[in-house]
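**Student:** Sharing a structure with you now.
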Amino acid sequence: TLSETAQRGALWRALRPHQWVKNLLLLAPVRLTHRALEERGPLLAAGVAALCFSAVASAGYLLNDWLDREADRQHPSKRNRPLASGALSEARAAAAFGLLLAGAAAVSLAWLPVGFSALLVIYFGLTVAYSVDLKRRVVVDVLVLAALYTLRILAGGTAAQVPISPWLLVFSMFFFLSLAFVKRYAELLGAQADRKDKLARRGYEVGDIGLVENMGTTSGYLSVLVLALYVSSDTVETLYGGGTLLWGICPIMLFWVTRIWFLARRGELEDDPVLFAATDPVPSRSGAAIARREAEPAAACS
């Protein structure tokens, strides 16, 4: 019988708290509304929404690990996951799964708009569909992954009741699609090194690696194109009286997108490119530069 302390430690690892950093995306719409941090209400609401998403995401990880436990036992690194290794009992994982969903639902319904709760349900439904079936479908899987990240931004704006720029949503879709493709590319590269023909529980074959690379890099560069079109749009002219300084963000993002694909091709990329993107200093500094520029009132540019 596993000790109580060991079970708790295994459960904590299974929840993957390091992945919660992705839910900072829910704060993005508040930061980009030009009201920034002056009003605490929207920021607080977005923070509570991020906690709800973290709970639901962890529930999704538990479900995914339970479904993949047999395949994970055959994987060189995933076999060490708590459920696959037996460090976490299935009964405790099931109990935690139920508590996480119930807690997220209760907080969402009590503190946040109904629209956010609906998006939270959609998010969970997509994660379940992805774990059960969609992860096996070529291209559909990466589109769903990109949609799940873009959905975080939409949910953050809904929770905080602030407008969301269509430019931000389109940029996010292409950017996260590139990161989803780079994840599959890294997995295919590993399968190729292990002399396997295809990925386990995925629809991709090793022969697809070139096409995955092309689609991923194209998506990344399209996200930068969307950013460039935004900077040259009438919206930026109205808000800032011109987007001269914002143009500097485009080459930075071009560098970063190219860099992550170089790292992937060399086999030096972390297992989760989205987590890498969240912790890498290049996009975070670029985001800070955008935020500082966006925080400037339009009147100062007139």
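The values are calculated or read from the model by the stated rules, or taken from the named source; none is laboratory data. The model shown is predicted, which means the values in this text are computed figures rather than measured ones. Every residue, glycine as well, gets a Cβ built from its backbone with ideal geometry; the counts of neighbours run over all protein chains shown. Each accessible area value is taken on the protein alone, full model and side chains, heavy atoms only, with ligands, DNA and RNA left out. Shrake-Rupley method; radii C 1.70, N 1.55, O 1.52, S 1.80 Å.
**Student:** Using only the alpha-carbon atoms, how far is helix 114-132 inclined from the longest principal axis of the chain? Give it as 0 to 90 degrees, nearest 10.
**Tutor:** The two axes meet at around 40 degrees.
**Student:** Determine the per residue accessible area of the chain with all protein chains present and a 1.4 angstrom probe, expressed in square angstrom.
**Tutor:** Values: 14840 Å² over 302 residues.
Accessible area per residue: 49 Å².
**Student:** Whats the longest run of the chain with zero trypsin sites (Lys or Arg not before Pro) that are DSSP loop and have at most 15 other Cβ atoms within 10 Å? Intermediate results must be reported in sequence, preceding the final value.
**Tutor:** Values: sites that count: ARG35, ARG73, ARG137, ARG195, LYS196, ARG201, ARG266.
Value returned for the longest uninterrupted segment is 202-265.
**Student:** For the stretch 108-237, rounded, prolate or oblate, judged on the Cα gyration tensor with a ≥ b ≥ c (square roots of eigenvalues), a/c < 1.5 rounded, else prolate if a/b > b/c?
**Tutor:** Details: a/c = 3.97, a/b = 1.40, b/c = 2.83.
Oblate, since a/c reaches 1.5 and b/c is not below a/b.
**Student:** Which of rounded, prolate, oblate describes the chain, given a ≥ b ≥ c as roots of the alpha-carbon gyration tensor eigenvalues and a/c under 1.5 marking rounded, otherwise prolate only if a/b is larger than b/c? Could the numbers behind the result be given before it?
**Tutor:** Numbers: a/c = 2.30, a/b = 1.31, b/c = 1.76.
Taking the square roots of the gyration eigenvalues as a ≥ b ≥ c, the chain is oblate.
**Student:** Which value in deg cm²/dmol, rounded to the nearest 500, describes the helix-derived mean residue ellipticity at 222 nm for the chain, given -39,500 (n - 2.57) per DSSP H run of n ≥ 4 and division by the residue count? List each step's numbers first, then the result.
**Tutor:** Numbers: 14 runs with 210 residues, N = 302.
The per-residue figure over the chain is -23000 deg cm²/dmol.
**Student:** Next question. Going by amide H atoms built from the backbone, whose H comes under 5 Å of the H on ARG81, apart from near neighbours?
**Tutor:** Placed amide hydrogens put nothing under 5 Å from ARG81.
**Student:** Through the Karplus equation 6.51 cos²θ - 1.76 cosθ + 1.60, θ set to phi - 60°, convert the phi angles of the stretch 222-229 into ³J(HN,Hα) values in whole Hz; use x for Gly and Pro.
**Tutor:** Residue by residue, the stretch 222-229 yields 5, 5, 5, 4, 4, 4, 5, 5 Hz.
**Student:** Same structure again: For the chain, what is the number of Lys pairs with C-alpha distance below 16 angstrom, counting only pairs 8 or more positions apart or on separate chains?
**Tutor:** Values: LYS22/LYS183; LYS78/LYS183; LYS135/LYS183; LYS135/LYS198; LYS183/LYS198.
So the count works out to 5.
**Student:** Something else now. Could you give the angle, 0 to 90 degrees to the nearest 10, between helix 249-265's Cα long axis and the longest principal axis of the Cα atoms of the chain?
**Tutor:** 20 degrees
**Student:** Rounded to a whole number, what % of the accessible area of the stretch 25-94 do carbon and sulfur atoms account for, probe 1.4 Å? The partial results should precede the final answer.
**Tutor:** Numbers: 1900 of 3300 Å².
Exposed carbon and sulfur together represent 57 percent of the surface.
**Student:** Using a probe of 1.4 angstrom, how much of the accessible area of the stretch 100-251 is carbon and sulfur, in percent? List each step's numbers first, then the result.
**Tutor:** Values: 4680 of 6890 Å².
Percent of accessible area from carbon and sulfur atoms in the stretch 100-251: 68.
**Student:** Which number do you get for Rg(Cα) / (2.2 N^0.38 Å) in the stretch 1-156?
**Tutor:** Output field value: 1.12.
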